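Student: Structure in structure tokens, see below.
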Amino acid sequence: MAQFGIIGHKGRMGRAIIDAIEEAGHEFCVGVDLGGDPAPLLGQCDVVVDFSSPEALEQNLRSAKLAGIPILIGTTGLEEKHFVLLSAASETIPVLQTGNTSLGVTLLAHLVREASAKLGAEWDIEILEMHHRMKVDAPSGTAKLLGEAAADARGIDLPDNMESGRHGQTGERREGAIGFATLRGGTVAGEHSVIFAGKEERLTLSHTAEDRSIFARGAVRGAEWLIGKAPGRYSMNDVLGLG
Ligand SMILES: NC(=O)C1=CN([C@@H]2O[C@H](COP(=O)(O)OP(=O)(O)OC[C@H]3O[C@@H](n4cnc5c(N)ncnc54)[C@H](OP(=O)(O)O)[C@@H]3O)[C@@H](O)[C@H]2O)C=CC1
Ligand SMILES: O=C(O)C1=N[C@H](C(=O)O)C[C@H](O)C1
């Protein structure tokens, strides 16, 4: 049995993770929300999971380092400066960051990578996602993770080739672009489709999250796995043995 800290414990994911921790036979020991300083509390925990906000990341990493415990970061909307912080922290503690902790999406990213490599650059790639009306970042962390997998398989850089928010006189689609489209509404837990559009044919790979408990269970599995690991950067691929 492990002691879990949660940053963002009163949020939608935080509450789902508390249930998943108990379901897995662990204990929720410390919860941190906006305005709280996690550092003094996390010393009681074996691991901490962060599903809060990008603004909190620097402090959260500092607190996990002070406590000397692993951290799993599920927060999305991260930018380059955040990834620099993650890499620096991973020299001292185990750090797992992912835009999606579910088994299905982790596997989907592998399928996207394979399709992207095999189909070649003449197949256009478009990524469509839909989430609940409360979501504050776009495109979703998952859409970016899938875009990274597709771009990496083609040996291109995602930020240089990303097309999102098309509107008005856009001109023709840029060759080699990876397009992103975002839908928001209702209570949708998470829908992602990666569309490979070729000449007179189309291949779509998609994943539907029916409930956010899938992310919570994945987060608990990832955090369990992180306990006792050497300092470093880890992903859900490492947890699930997907290479
Ligand atoms: N990787 C994955 O698999 C998944 C990732 N996510 C991501 O997780 C994050 C949270 O999502 P969700 O639970 O739906 O969002 P919510 O808005 O429901 O919850 C966020 C929580 O974080 C707290 N919070 C906000 N800012 C800070 C801060 N600076 N320090 C500490 N706590 C803070 C909020 O507190 P308060 O209410 O007081 O502001 C709230 O309790 C998002 O980035 C989302 O995209 C979501 C699902 C799956
Ligand atoms: O905010 C959410 O709800 C979700 N966020 C993650 C993302 O940005 O991809 C994961 C999941 O799709 C739900």
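Student: Need the C-alpha centroid separation for the range 74-114 versus the range 1-16, integer Å.
Tutor: The distance from the Cα centre of the range 74-114 to that of the range 1-16 comes to 18 Å.
Student: Could you tell me what percent of the DSSP beta bridges with both partners in the range 83-200 are antiparallel, to the nearest 5? It would help to have the intermediate numbers written out before the result.
Tutor: Working: 7 of 17 bridges.
That works out to approximately 40 percent antiparallel.
Student: Between I195, P139, A117, whose Cα lies farthest towards the positive end of the dipole of the range 103-209 when Lys and Arg beta carbons carry +1 and Asp and Glu beta carbons carry -1, centred on the Cα centre?
Tutor: Final value for the positive-end residue is P139.
Student: Also, quick follow-up: Which value at 222 nm does the chain reach when only helices count, each DSSP H run of 4 or more adding -39,500 (n - 2.57), with the total divided by all residues and rounded to the nearest 500 deg cm²/dmol?
Tutor: Calculated at 222 nm, the ellipticity per residue is -11000 deg cm²/dmol.
Student: Find which of A64, C29, N100 sits farthest along the positive direction of the dipole of the chain, computed with +1 on the beta-carbon of Lys and Arg, -1 on that of Asp and Glu, about the Cα centre.
Tutor: So the residue furthest toward the plus end is C29.
Student: Mind listing which GluC sites (Glu not before Pro) in the range 176-218 are in a DSSP loop and have 15 or fewer other Cβ atoms within 10 Å?
Tutor: Taking the range 176-218 and a limit of 15 other Cβ atoms within 10 Å, the loop GluC sites (Glu not before Pro) found are E200, E201, E210.
Student: Starting from the Cα gyration tensor of the chain, take the square roots of the eigenvalues, sort them a ≥ b ≥ c, and report rounded, prolate or oblate (rounded when a/c is under 1.5, otherwise prolate if a/b is larger than b/c, else oblate).
Tutor: Details: a/c = 1.96, a/b = 1.86, b/c = 1.05.
Since a/c reaches 1.5 and a/b is larger than b/c, the shape of the chain is classed as prolate.
Student: For the range 112-191, state which trypsin sites (Lys or Arg not before Pro) are in a DSSP loop and have at most 15 other beta carbons lying within 10 Å of their beta carbon.
Tutor: Filter output for the range 112-191: R133, R166, R173, R174.
Student: Further question on the same structure: Could you tell me whether the range 1-58 comes out rounded, prolate or oblate from its Cα gyration tensor? Rule is a ≥ b ≥ c as square roots of the eigenvalues, rounded for a/c under 1.5, then prolate if a/b exceeds b/c, otherwise oblate.
Tutor: Verdict is oblate for the range 1-58.
Student: In a shell of Cβ-Cβ distance under 13 Å around K199, excluding K199 itself, what net charge do Lys and Arg (+1) and Asp and Glu (-1) give? Please report the intermediate quantities before stating the final value.
Tutor: Details: positive: R202; negative: E122, D124, E200, E201.
For residues surrounding K199, the net value is -3.
Student: Does the range 103-209 classify as rounded, prolate or oblate by the C-alpha gyration tensor (a ≥ b ≥ c root eigenvalues; a/c under 1.5 gives rounded; else a/b over b/c gives prolate, otherwise oblate)?
Tutor: Verdict is oblate for the range 103-209.
Student: Continuing with the same structure: With r defined as the distance between the Cβ atoms of H167 and D37 and R0 fixed at 30 Å, what FRET efficiency is calculated, to the nearest 0.05?
Tutor: Once the sixth-power term is evaluated, E becomes 0.10.
Student: Pull up the DSSP beta bridges for the chain and report the antiparallel fraction as a percent, rounded to 5.
Tutor: Bridges in the chain that DSSP calls antiparallel: roughly 35 percent.
Student: Fully extended, how many nm does the chain gain between E58 and L111 (0.36 nm per residue separation, minus their Cα-Cα distance)?
Tutor: 15.8 nm
Student: To continue, here is another question. Considering only T76, T98, T208, give the residue with the highest GNM mean-square fluctuation for the chain, with springs between Cα atoms whenever their separation is below 10 Å.
Tutor: With Cα springs under 10 Å in the chain, the top fluctuation among T76, T98, T208 is at T208.
Student: Can you list the residues of the range 110-139 with backbone N under 15 Å from a point 7 Å past the Cα of E79, pointing along Cα to Cβ?
Tutor: 137-139
Student: If you don't mind, another one. Quick check for the chain: number of Lys pairs with alpha-carbon distance under 19 Å, counting only pairs 8 or more apart or on different chains?
Tutor: Eligible lysine pairs with Cα atoms under 19 Å apart amount to 6.
Student: Can I ask one more? Go through the range 56-145 and name the GluC sites (Glu not before Pro) that are in a DSSP coil and have 13 or fewer other Cβ atoms within 10 Å of their Cβ. Before the final figure, lay out each step's value.
Tutor: On the way: sites: E58, E79, E80, E91, E114, E122, E126, E129; in loops: E79, E91, E122.
Within the range 56-145, the qualifying GluC sites (Glu not before Pro) (loop, at most 13 other Cβ atoms within 10 Å) are E79, E91, E122.
Student: Report for the range 161-243 the percent antiparallel among DSSP-assigned beta bridges with both residues inside it, nearest 5.
Tutor: 75 percent
Coordinate-derived values only; no laboratory data. Not measured: the values here are computed from a predicted model. Don't worry about glycine lacking a Cβ; one is built from the backbone with ideal geometry, like all the others, and counts go over all protein chains shown.
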